[in-house]
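No lab work stands behind these numbers, since they all come straight from the coordinates. Everything numeric in this text was worked out from a predicted model, so none of it was measured. Here the Cβ positions follow ideal geometry from the backbone for every residue, glycine too, while neighbour counts run over all protein chains shown.
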Amino acid sequence: MSFVFKYGVSTSILNPRYENIVDVLEFAAKHKFEHVEIIADGLQHVAYISDDHISAVQDLAQKSKITLSVHAPYYSIDLASLSNSIRKFAIDEIINGLHFAQLLSAEWLTIHLGFKFYPTKVLWKKAFENLCDSLKQILTLARDVGIIIGMELRSGFFDLGHPTLLEKILNHFNNDEFLAVVIDTAQLAGFPRLPMRDVISRFKEKIVSFHIRDVNPQIGKDMLACGEGIINWNEFISILFDLDIRKPLIFEVSDKEGALMSREYLETIISEKVQPEIIEE
């Protein structure tokens with residue numbers, strides 16, 4: 001547990017063959033992580049999570065003082081689609097995620113906005129209108145249940161989530177207090193022409209959390225532990241200090257060892273910045 005940052009883990013660390021979300025809460029409690037983000041998709045979709053597991057998560061979170069967030073389904077989500085049926089499905093999936101988050105007393109719901117396939121790229125004005133209409137419907141419920149919607153930064157060629165788009169959406173909704181941004185460090189590395197500091201500083205007041213993971217494009221892996229890829233973590237921590245950002249750092253890596261290694265890696269960097277004289281001695 002750091003006195004500087006709040007660390008968390010994502011359920012990305014579980015082995016779906018023999019583990020479930022309860023195992024992640026137990027791991028977090030044992031190793032003193034303070035937050036868990038539950039990815040509600042794939043084999044851990046809300047439709048497949050039993051009432052017993054939900055109760056166990058609630059009890060463990062309360063007992064261990066672990067805060068929670070939920071990552072809404074994303075595999076089939078397209079809030080900007082020109083197809084009303086596809087868009088309705090996406091909205092319903094995220095609304096189900098909001099109800100699940102409410103059940104767990106989660107603080108925010110992380111969402112992906114969708115894709116920019118043809119004809120969305122060509123008919124972008126209409127697609128943006130659809131995207132804003134989708135978010136308007138989602139935000140109506142988010143306000144009612146008191147859960148923040150965190151739009152995830154995305155850098156994929158076909159992903160919606162470029163910093164300019166996120167800024168445009170925030171402005172469209174007049175910086176609504178229930179609309180925020182989740183910065184994924186692997187996605188952050190996907191903008192080679194945009195300095196890390198510039199992107200983070202744009203959303204200083206709207207960041208609700210960070211997904212922390214490393215990436216190595218040469219081997220096609222992006223859920224690596226900190227220090228296993230190309231991200232300059234020293235620079236990243238310096239930026240957070242300089243901008244006075246103390247939002248949760250959630251390790252969205254592929255296994256438990258990666259989460260523990262990542263926290264130790266960042267803590268070493270933080271210690272050097274907070275107490276450099278100790279390192280020098």
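Per DSSP H run of at least 4 residues, take -39500 (n - 2.57); add these up for the chain, divide by its residues and hand me the 222 nm value, nearest 500 deg cm²/dmol.
When only DSSP H runs of four or more count, the value is -13500 deg cm²/dmol.
Over all pairs of distinct alpha carbons, what does the Kirkwood formula give as the hydrodynamic radius of region 1-141, in Å?
16.2
Using Cβ counts within 10 Å as a stand-in for footprinting exposure, how do Asp59, Asp176 rank, fewest first?
Arranged by neighbour count, lowest to highest, Asp59, Asp176 become Asp59, Asp176.
Short version: ³J(HN,Hα) in whole Hz for each residue of region 152-160, in order, from phi by Karplus 6.51 cos²θ - 1.76 cosθ + 1.60 (θ = phi - 60°), x for Gly and Pro, what are they?
Computed from phi, the couplings for region 152-160 are 7, 4, 10, 10, x, 4, 9, 8, 8 Hz.
How would Cys132, Cys226 line up from fewest to most surrounding beta-carbon atoms within 10 angstrom?
Taking fewest neighbouring Cβ atoms as first place, the list is Cys132, Cys226.
How big is the gap, in Å, between the Cα center of region 185-226 and the Cα center of region 138-163?
Going from one Cα centre to the other spans 17 Å.
Whole-Hz Karplus ³J(HN,Hα) for region 94-100, in order, using 6.51 cos²θ - 1.76 cosθ + 1.60 and θ = phi - 60°, x for Gly and Pro?
6, 5, 4, x, 5, 5, 5
Neighbouring Cβ atoms within 10 Å as the yardstick, rank Arg154, Arg143 fewest first.
Starting with the residue having the fewest Cβ neighbours, the order is Arg143, Arg154.
At 0.36 nm per residue, and after removing the present C-alpha to C-alpha distance, how many nm does the segment from Thr67 to His53 gain when stretched out fully?
Here the answer is 3.4 nm.
Compute the orientation-averaged projected area for region 133-256 from the convex hull of its Cα atoms and round it to one decimal in nm².
That works out to 8.5 nm², a quarter of the Cα hull's surface.
Under the Kirkwood approximation applied to all pairs of distinct alpha-carbon atoms, what is the hydrodynamic radius of region 39-93 in Å?
13.0
Report the percentage of all Cα-Cα pairs in region 7-280 whose separation exceeds 26 Å, rounded to a whole percent.
It works out to 41 percent of all Cα pairs.
Share of antiparallel DSSP beta bridges in the chain, in percent to the nearest 5?
For the chain, the DSSP antiparallel bridge percentage is about 10.
Any lysines with Cα under 24 Å of the Lys221 Cα? List them, leaving off those in the same chain fewer than 8 positions away.
Reachable lysines: Lys116, Lys256.
What are the principal axis extents of the Cα atoms in region 123-175, in Å, biggest first?
34, 21, 18
How large is the Kirkwood hydrodynamic radius of region 1-77, counting all unique pairs of alpha carbons, in Å?
Hydrodynamic radius (Kirkwood, Cα pairs) of region 1-77 is 12.8 Å.
Given Cα pairs under 8 Å that are at least 6 residues apart, what percent is the relative contact order of the chain?
The normalised contact order for the chain reaches 18 percent.
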